[in-house]
Amino acid sequence: AKLASKDSVTSKTKEKFSWQINRQQKFILGILLIFLSIAVLLSFISYFITGNTDQNVVNQLANRTAKAENWLGKFGAYLADFFLYKGFGVASFIFVRIIFLTGAYLVLNMAVAKLRKSFFWDLYLIIFTSVIFGFFWEYLPQLGGTIGFEMNLFIQDYIGKAGTALLLIFGIVLFLVFKIRISPDKIKEAFERPNKELKDDI
């Protein structure tokens, strides 16, 4: 009888515990993500304004005497260094959009699963834009990030600079066709429209 009562108690506790969060928890988490997106955005913007003056501070997070020029202090300097310098460069700004949209959907109690397609193209843009800026590293060294630069070198090792340029152009075409929905028919209409308008004027 005692074993049966213990089993019933454990089964009840298991039924009570759930990984699903309620409306209130969603709202709090959503607000937290929105504030986090604003904080990340400010740290990124500050990185380009204050320059590389915080490079030494990043390695001294535990040192309270070290002061950072970043608007969010040492935490902001670390975030900017991690995403912009060591990460994907300017393309990291898209992470702000991802975090903000996730927070907004949670606050409005909308299904985050609806953002799956948006997340896919955002991640595509992050990687692709980083590689593009990595390709022009000699002219714009601060925009591609370390990952973009290394990925660009990796691709060039196999298909060369010309092949990398063609691959990047193909990536742009993919984005325009599948995301922007630019089709050959629309391009044809864009070229034919001025001729039609000219004929109508005549």
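Against the conditions (1) surrounded by 17 or more Cβ atoms within 10 Å (Cβ to Cβ); (2) under 10 Å from the mean Cα position of the chain (by Cα), TRP137 satisfies every one except (2). For segment 107-130, taking the residues that are among the β-branched types (Val, Ile, Thr) and in contact (Cβ under 8 Å) with a residue 40 or more places away in the chain, the one that is surrounded by the fewest Cβ atoms within 10 Å (Cβ to Cβ) is identified as VAL107.
Figure legend. Inter-residue proximity from segment 20-39: first residues within 19 Å of TRP71 (Cα to Cα), second residues open to solvent by 90 Å² or more (accessible area, probe 1.4 Å), beta-carbon distance below 7 Å, spacing 6+ or different chains. Indicated pairs: ILE34/PHE100; SER37/PHE100.
Look at (1) within 24 Å of LEU42 (Cα to Cα); (2) open to solvent by 50 Å² or more (accessible area, probe 1.4 Å) and you find that TYR158 fails only one, number (1).
Annotation: of all residues in segment 23-50 being aliphatic (A, V, I, L, M) and open to solvent by 90 Å² or more (accessible area, probe 1.4 Å), the one that is farthest from PHE93 (Cα to Cα) is ILE28. The residues on offer are GLY87, GLY148, and the sole one that is surrounded by 17 or more Cβ atoms within 10 Å (Cβ to Cβ) and closer than 30 Å to ILE31 by Cβ is GLY87. Filtering ALA62, ALA77 for residues that are more than 18 Å from PRO141 (Cβ to Cβ) and crowded, with 19+ Cβ neighbours inside 10 Å leaves a single hit, ALA77. Applying the condition of being at pLDDT below 95 and among the charged types (D, E, K, R) to segment 96-121 and asking which residue is farthest from the chain's Cα centre (by Cα) yields LYS114. Hey, among the residues in segment 33-69 that are of a type outside the set (A, V, I, L, M, F, W, C) and not in a loop (DSSP other than H, G, I, E, B), which one's nearest to ALA104 (Cα to Cα)? Within segment 33-69, the match that is nearest to ALA104 (Cα to Cα) is SER37.
The values are calculated or read from the model by the stated rules, or taken from the named source; none is laboratory data. Not measured: the values here are computed from a predicted model. We place every Cβ from the backbone using ideal geometry, glycine too, and count neighbours over all the protein chains shown. With ligands, DNA and RNA removed, areas are computed over all heavy atoms of the protein, side chains included. Shrake-Rupley method; radii C 1.70, N 1.55, O 1.52, S 1.80 Å.
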